[in-house]
Amino acid sequence: MYMLAQCSGAICGCLLVKALQKTYYVVYGGGANELSQGYGLATGLGAEIIGTFILVYTVLSTTDSKRIACDSHIPVLAPLPIGFAVFMVHLATIPITGTGINPARSFGAAVIYNHKKSWDDHWIFWVGPLIGAAGAEFYYEHILRAHLTLYHNHHHVTRH
């Protein structure tokens, strides 16, 4: 249901932009993601995987209540590093794919723009973010967080 709501919201948002900002909508290709000329499928897929990995990893590490509790002496304002991660990913991937990193956003724009080029390699904007998000979650939960737990448990035992 969540994915359906996200995709529906993206479609409605793109419809609003098309209705209210027709000139910009046409000039910028409806905001639809596509693989830029001169880049191969592997490069586009890699850009989406890495970009999504960076974003999801940043979200996990800045919003994890267990990590925040362990490092409570470090003030963390989650929106700042998350926004910075989104900014950096966009700088790196806009020239390659237009930056998807969210399948719903890419889908909504493709549905409303509905040109062949926006559908040609659309699978990249689903497969890349799904792999990147799953990889970030696996890395954070099973490698990094497990290591931090061991470190904090050992540190806690040796201090007392």
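Near residue 121: Cβ cut-off under 12 Å, other residues only, Lys/Arg at +1 and Asp/Glu at -1. The net charge is -1.
Residue exposure proxy: 137, 34, ordered by other Cβ atoms within 10 angstrom of their Cβ from fewest to most, comes out as 137, 34. Net charge dipole, region 1-133: roughly 280 debye, given to the nearest 20, about the Cα centre with Cβ charges of +1 for Lys and Arg and -1 for Asp and Glu. Straight-distance candidates among the aspartates and glutamates for linking to residue 117, with alpha-carbon spacing under 15 Å and chain neighbours fewer than 8 residues away dropped: 34. Can you give the net charge of the other residues whose Cβ lies under 15 Å from the Cβ of residue 26, counting K and R as +1 and D and E as -1? After counting each charged neighbour, the total is +3.
By other beta-carbon atoms within 10 Å, ranking 3, 88 with the fewest at the front produces 3, 88. Label positions at residue 28 and residue 126, each projected 7 Å from the Cα along the C-beta direction, are separated by 2.5 nm. What does a probe at residue 80 reach in region 30-62, counting residues whose amide N is under 11 Å from the point 7 Å along Cα→Cβ? Nothing falls inside the zone, counting backbone N under 11 Å.
Each reported figure results from applying straightforward, stated rules to the coordinates on display, with no laboratory input. Because the structure is predicted, anything quoted here is derived from the model rather than measured. Counting neighbours? That spans all protein chains shown, and the Cβs are built from the backbone with ideal geometry, glycine included.
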